[in-house]
Structure formats: structure tokens, C-alpha cells
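In what follows, a single structure is set out as C-alpha cells and then discussed.
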């Protein structure tokens, strides 16, 4: 073997060795985000009933609530105690308060309440005592979908039909105002996922999921933000927002400026291959992500 070849082989081996050592000293060795990566590590997976096929997740009072939409499980909300692993079913398939017809979204508040929307023209509330109440919501068709978010005692609902964003105040909840948006300067707009942070709500365009409207709680005006990648879901985390895309997560501020990218695309415990849902639990300061059919947990 020539001296040049031996030298090159040794240099390459040393480079790989030091590169590997550097990777192992990272806060999360599964995540290739960069040298400034800090604060988020993989904490494992959370079991949920097989066949549940989660359609939405939300946290309240430290519990994880999951919308199940599958024959055999039924249309219901599953309450999961992370500490004990116990699960409990709330509601059943059917119509009327306490029954569901295909849950499209969930949200929670600081008082232990969970809010659910399906194809019925009502918002159903699972109270901290696990009892049900409801209030009237926009009437939609069976092919439409509503999304819901709570912020400071107000409930915001988006509906594909007519391109409306609705505001309700309470409890008890009553209609306050609405805003219709069917197009922006970028093109047609169909209100989809809604999330809240600070004193603003954010509505994702169902047609182009990289486009987001930032609105004040009064629904008087909005700014159009092109996030650059498709947003699958998002969750407020203290003064930041964790925005889930199909193959990564972005920690952003209240103007959706990126502070950190993590969970880069790929298979494995610390990465996101096919992100679908995200929720933040302030009780344990953990971020929960549904990646394909695995519910992964991340924290500091």
C-alpha cells in the first residue's frame, strides 16, 4: 500500500472517530440539528389502546386526551394517565351530548376541561369531573371539518364551510363574533388547524398548509405568514410554539420566526418520520408527538 493511501486512510478514520465522539456528546444523539442544539431530548413512547387511530390529542390537568375514530374502539375520547398508564373512555358513538360522530379536533384549558368537535353542530365539553355539557356551534355538512382552540376563556372554531373563523366566550359559552376569509394575497384560503399563543391565534390554510394567518383575539385584522413548509399541527409551549411538520419540528416565537429545528426527518426514537399530531403538557413540561402510529415523548 502506498504511503499516501495509508495516510489518507488514517486521516479519514480519525475524522470519523472525532465526528462520532462529537455526536455522542450532543444533548440528543438521535438528532442531527447542529452544534447549537439544546434543551430537547427523547424520553420514550406512550402506550395507547391498539386500534385507537388517534385523530386529535390535547392535554388538561396533566392528563392526555385522545380522540379515537375507529370501528371497534368507537367514536370517543380516551383519557390517559401517563404515570399509571391507565386509560378511560369518555363518550360513545352516536349523536347528542356525550356521543360523537367522528371527532375532528380537541383542545384543553387550564380548568381541566376538554373541548371536542365532530360533525354535529355543537361543541362538547368534558368537565374536570368527567361529565359532559355542550353548546351550539356552526352547522356543518358531513364532509366538512371543524378545528378548535381555547385561549384565555375564549373558544375559537374554524370551519371549511364558507371560510369562517368563529369566536365564543364563556363559560357558559355564547357566540361573540366571526370572520370570513376565503382568499388572501397568495390565493384561495380554507381555514384549517388553529392554535394559540400569547394573545394571538394562528389559522393554517387547508389548501396550502405552509400559509398561516396570525390574528388578534378580536378577529379585527390578520397578517399572512408563509412558513415555508407544510404545518401538520402546533402547540404552545410557554412563550414559544412547537410547530410540527411531516419530517421535523420547529420551535418558533409568536411571529413564527424559527428559534430551533429539531427531530429531523428519519426513522428512530429521536426523529420524526411522518408527524401527524403534537401537544404540550405543562404538568410535566413534555412535548407529545404522534409519529405514524407511535406516540413519542420529548422533554428537557
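Grab the beta carbon distance between residue 45 and residue 86, set R0 = 25 Å, and tell me the FRET efficiency rounded to 0.05.
Working: r = 17 Å, r/R0 = 0.67.
So the FRET efficiency works out to roughly 0.90.
Estimate the FRET efficiency between residue 130 and residue 259 by the formula 1/(1 + (r/R0)^6), using the beta-carbon distance for r and 45 Å for R0, to the nearest 0.05.
For residue 130 and residue 259, the calculated efficiency is 0.75.
Just report the Cα centroid separation between the stretch 231-252 and the stretch 130-182, whole Å.
Their Cα centres are 23 Å away from one another.
Quote to one decimal, in nm, the extra length available between residue 110 and residue 53 on full extension: 0.36 nm per residue of separation minus the C-alpha distance between them.
Extra length available between residue 110 and residue 53 comes to 17.9 nm.
With a 10 Å cut-off between alpha carbons and a GNM built on the chain, which of 276, 209, 43 moves the most?
Comparing 276, 209, 43 in a Gaussian network model of the chain, the most mobile one is 43.
On a full-extension model of 0.36 nm per residue, what is the gain between residue 283 and residue 142, subtracting their alpha-carbon distance, rounded to one decimal in nm?
Working: separation 141, 0.36 × 141 = 50.76 nm, distance 3.58 nm.
That pair, residue 283 and residue 142, stretches by 47.2 nm at full extension.
Calculate, for residue 178 and residue 267, the FRET efficiency according to 1/(1 + (r/R0)^6) with r their C-beta to C-beta distance and R0 45 Å; round to the nearest 0.05.
The formula returns an efficiency of 0.55 here.
Restricting to Cα atoms and excluding each atom paired with itself, what does the Kirkwood estimate give for the stretch 113-183 in Å?
Taking every pair of different Cα atoms in the stretch 113-183, averaging 1/r and inverting gives 12.4 Å.
Order these peptides, 175-187, 98-110, by their mean beta-carbon neighbour count within 10 angstrom, highest first.
98-110, 175-187
Is the shape of the stretch 136-287 rounded, prolate or oblate, going by the alpha carbon gyration tensor and its root eigenvalues a ≥ b ≥ c, with a/c under 1.5 for rounded and a/b larger than b/c for prolate? Don't skip to the end; give the middle numbers.
Values: a/c = 1.74, a/b = 1.43, b/c = 1.21.
Cα axes put the stretch 136-287 in the prolate bin.
In the P(r) worked out for the chain, what percent of Cα pairs fall beyond 36 Å?
Tail of P(r) above 36 Å: 20 percent of Cα pairs.
Return the percentage of antiparallel bridges among DSSP beta bridges fully within the chain, rounded to the nearest 5 %.
So the antiparallel bridges in the chain amount to around 95 percent.
Taking 0.36 nm per intervening residue step and subtracting the Cα-Cα distance, what contour gain separates residue 161 from residue 121 on full extension?
Full-extension gain reported as 13.2 nm.
So what is the relative contact order for the chain, in percent, with contacts set as C-alpha pairs under 8 Å and at least six apart?
13 percent
Would you kindly calculate the translational diffusion coefficient of the stretch 211-292, applying Stokes-Einstein with the Kirkwood radius from alpha carbon pairs, for 10 °C and a viscosity of 1.306 mPa s, and quote it in µm² s⁻¹ without decimals?
119 µm²/s
Working from Cα positions, state the angle (0 to 90°, nearest 10) between the long axis of helix 3-24 and the longest principal axis of the chain.
Helix 3-24 sits roughly 30 degrees off the main axis of the chain.
Any read-out appearing in this document is the output of simple, stated calculations on the displayed coordinates, not a laboratory observation. Computed from a predicted model, the values in this text were never measured in an experiment. With ideal geometry, Cβ positions are generated from the backbone for all residues, glycine too; neighbour counts draw on all protein chains shown.
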